[in-house]
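To start, the structure itself, in structure tokens.
Read the figures in this text as sums done on the coordinates, not as results from a lab. Bear in mind the structure is a predicted one, so any value in this text is a computation, not a measurement. Reconstructed Cβ throughout: ideal geometry from the backbone, glycine too, with neighbour counts over all protein chains shown.
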Amino acid sequence: MSSDPNIAMIASLLSEPSRAAILLALMDDRFYTAGELAKKGGVKPQTASYHLSKMVEANIATVEKQGRHRYYRLSGHEVAKILESLLYLAPPVEIKSFNQSVEDKAIRLARTCYDHIAGNLGVKLTEAMLEMEIIKIDHSEIKITEKGNKFFSDLQVDITHIRKKRRSFCHQCLDWTERRFHLGGALGHAILEKLLELGWIQRAEKTRALKITPKGTKGFEEVFHIEFPLGN
């Protein structure tokens, strides 16, 4: 009997299509009820509850109870990172409807990768910060420059506080739609929160897509020199 971790058990959770759809829905770092996740997985609430109990048991998801309701989310950013890596390997989905096409374009343009910005916007932001010498890559490690410390201070992002968090400060996260890197880690999360606070981006209601506001279009152009419409 092998003493290695049971990878097959985890793989079995991802191999069922409705469970996979539920996990992808949880990639935006928000809490959902079993009923909400049932719709995203295309199954009955009872079936979704069964799937979610398996995910909680495997420590892939967590649950919080409030009164009669239970709210689910991914267990952490490490799980999200693994799921994002699997998306990179997965073949593209076949687009069969106009609504599906619209949603796919929105996801590719800008979305959350658990708790940081991904998609074309995430990649463009990372490349802009490299070009502006706000960050630099040193032996595959992302570091903030002196210029970057001043930039984030002016943006009112507390770098000292972020460094104290018990997680990766910042790292390269391979973007499954762009096939390039975007910025992950605690710094990536802080940037997402700041841009939401500034009103440059907004969360979509039903997906993990991010909407770029008119204020954001102006801000990204003025501060990061990112041209719109976005593209490769």
J(HN,Hα) series, region 143-153, from Karplus relation 6.51 cos²θ - 1.76 cosθ + 1.60, nearest Hz, glycine and proline x: 10, 8, 7, 4, 4, x, 4, 5, 4, 6, 5
Furthest towards positive pole of dipole, 27, 92, 225, structure part the chain, Cβ charges: 27
Spin-label model distance (nm) - residue 99 vs residue 56, 7 Å beyond Cα toward Cβ: 3.0
Pairwise centroid distance, computed over Cα atoms, of region 1-66 with region 167-215, Å: 23
Counting all C-alpha pairs of region 98-224, share separated by more than 20 Å (%): 41
Angle in degrees between helix 77-89 and the longest Cα principal axis of the chain, rounded to the nearest 10: 90
Among 202-213, 85-96, the order from most to least packed when residues are scored by Cβ within 10 Å on average: 202-213, 85-96
J(HN,Hα) series, region 15-25, from Karplus relation 6.51 cos²θ - 1.76 cosθ + 1.60, nearest Hz, glycine and proline x: 7, 8, x, 5, 5, 4, 5, 5, 5, 5, 5
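Relative to the compact globular guide of 2.2 N^0.38 Å, what is the alpha carbon radius of gyration of the chain, as a ratio?
Values: Rg = 18.6 Å, N = 232, 2.2 N^0.38 = 17.4 Å.
The chain yields a ratio of 1.07.
Given R₀ = 25 Å, FRET efficiency for residue 44-residue 89 by Cβ-Cβ distance, to 0.05?
Working: r = 30 Å, r/R0 = 1.20.
After rounding to 0.05, the efficiency reads 0.25.
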Cα-based helix-to-principal-axis angle, 45-57 vs the chain, degrees rounded to 10: 70
Cβ-defined net charge surrounding residue 165, 12 Å radius [Lys, Arg +1; Asp, Glu -1]: +2
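Sorting 132, 9, 55 on the 10 Å Cβ count, fewest up front, what's the list? Don't skip to the answer; put the middle values down first.
Numbers: 132 15, 9 11, 55 22.
Going from least to most buried by this count: 9, 132, 55.
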Fewest-first ranking of 155, 24, 121, using other Cβ atoms within 10 Å as the exposure measure: 155, 24, 121
Neighbour-count ranking [beta-carbon atoms within 10 angstrom, fewest first] of 173, 113: 173, 113
Cα-derived Rg over Rh, computed across region 7-75 with Rh taken as Kirkwood radius: 0.93
